[in-house]
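**Q** Quick one: the structure is below, questions incoming.
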Amino acid sequence: MHDAMKLALAAMFVAVSTAAQAQEVKGADVFRAACAMCHQAEAQGAAGLAPPLKGSYWDKLAKTGTYVPGVLLAGMHGQITTDEGPFNGVMPTQNRLADSEIAALSNYLVQDVNGVKSVPAVTADEVAKLRAKTPSVSELRALRKQALAK
Ligand code: HEC
């Protein structure tokens, strides 16, 4: 291969990996600023405060497309089951966050924290549409139950 071509390929590789990192860093940054005080730095959760945001069922939550961004828009309460056992608390809405931040957070949790790569990333446009018709907590609870039963 010609040196010039090698250089061009190397430059492309750097550009692509920096773009991917930029997205990753943003989701992680918003998580640290807005979520870690309850869900903890590694999203492992804390008894009596907030559930873990990782577990064997996260690919199923991810496949719904709307559950994770929906919880960020609507909040959550009532008993949920996790790999660490049942959890029953109250999460306030995070709807002050921008569409892009909610998308980045959802993708960070699904792709980076839970390693689920088979589900399309959530876009800011999708979050905007979801925000305009924010699901209720009971709709989200039904969606979660249905997804986990599959
Ligand atoms: C004040 C504490 C608090 C903050 C801040 C908070 N959460 Fe939560 N979160 C909770 C609690 C408590 C629950 C569980 C509610 C229940 O028991 O039904 C929860 C539930 C969730 C769920 C549903 C988990 C599941 O298994 O269904 C997701 C997703 C989530 N939070 C993401 C986030 C993200 C992302 C942020 C940051 C923007 C955030 N939360 C900020 C307390 C918090």
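The values are calculated or read from the model by the stated rules, or taken from the named source; none is laboratory data. Worth saying up front: this structure is predicted, and the values here are computed from it rather than measured. Here the Cβ is made from the backbone with ideal geometry for all residues, glycine too, and neighbour counts use every protein chain on show.
**Q** Being out of contact with any strand residue (DSSP E or B) (no Cβ under 7 Å at 6 or more places or on another chain), surrounded by fewer than 21 Cβ atoms within 10 Å (Cβ to Cβ) and in a loop (DSSP other than H, G, I, E, B): is that true of ARG32 here?
**A** Considered against the rule, which asks whether it is out of contact with any strand residue (DSSP E or B) (no Cβ under 7 Å at 6 or more places or on another chain), surrounded by fewer than 21 Cβ atoms within 10 Å (Cβ to Cβ) and in a loop (DSSP other than H, G, I, E, B), ARG32 comes out as no.
**Q** If you scan the stretch 67-97, which residues turn out to be in contact (Cβ under 8 Å) with a residue 12 or more places away in the chain, more than 9 Å from the ligand (Cβ to nearest atom) and either in a strand (DSSP E or B) or surrounded by fewer than 20 Cβ atoms within 10 Å (Cβ to Cβ) (or both)?
**A** Of everything in the stretch 67-97, those that are in contact (Cβ under 8 Å) with a residue 12 or more places away in the chain, more than 9 Å from the ligand (Cβ to nearest atom) and either in a strand (DSSP E or B) or surrounded by fewer than 20 Cβ atoms within 10 Å (Cβ to Cβ) (or both) turn out to be ASP83, GLU84, THR93, ASN95.
**Q** Read through the list (1) at pLDDT 95 or above; (2) farther than 17 Å from ARG32 by Cα; (3) within 12 Å of the ligand (Cβ to nearest atom); (4) part of a loop (DSSP other than H, G, I, E, B), then give the number of the only condition that LEU148 fails.
**A** (4)
**Q** Restricting attention to the stretch 39-66, report how many residues are within 10 Å of the ligand (Cβ to nearest atom) and assigned to a loop (DSSP other than H, G, I, E, B).
**A** Initially, the stretch 39-66 is screened for residues within 10 Å of the ligand (Cβ to nearest atom), giving 39, 43, 45-46, 48-55, 57-58, 61.
Adding the requirement that they be assigned to a loop (DSSP other than H, G, I, E, B) leaves 43, 45, 48-49, 51-55, 57.
Residues in the stretch 39-66 being within 10 Å of the ligand (Cβ to nearest atom) and assigned to a loop (DSSP other than H, G, I, E, B): 10 in total.
**Q** Only residues that are closer than 14 Å to LEU97 by Cβ and in contact (Cβ under 8 Å) with a residue 40 or more places away in the chain: list them for the stretch 30-48, please.
**A** Scanning the stretch 30-48 gives VAL30, PHE31, ALA34, CYS35.
**Q** Return the residue satisfying two criteria in turn: it lies in the stretch 125-147 and is exposed (fewer than 14 other Cβ atoms within 10 Å of the Cβ) and aliphatic (A, V, I, L, M), and of such residues it is nearest to VAL90 (Cα to Cα).
**A** My answer is ALA142.
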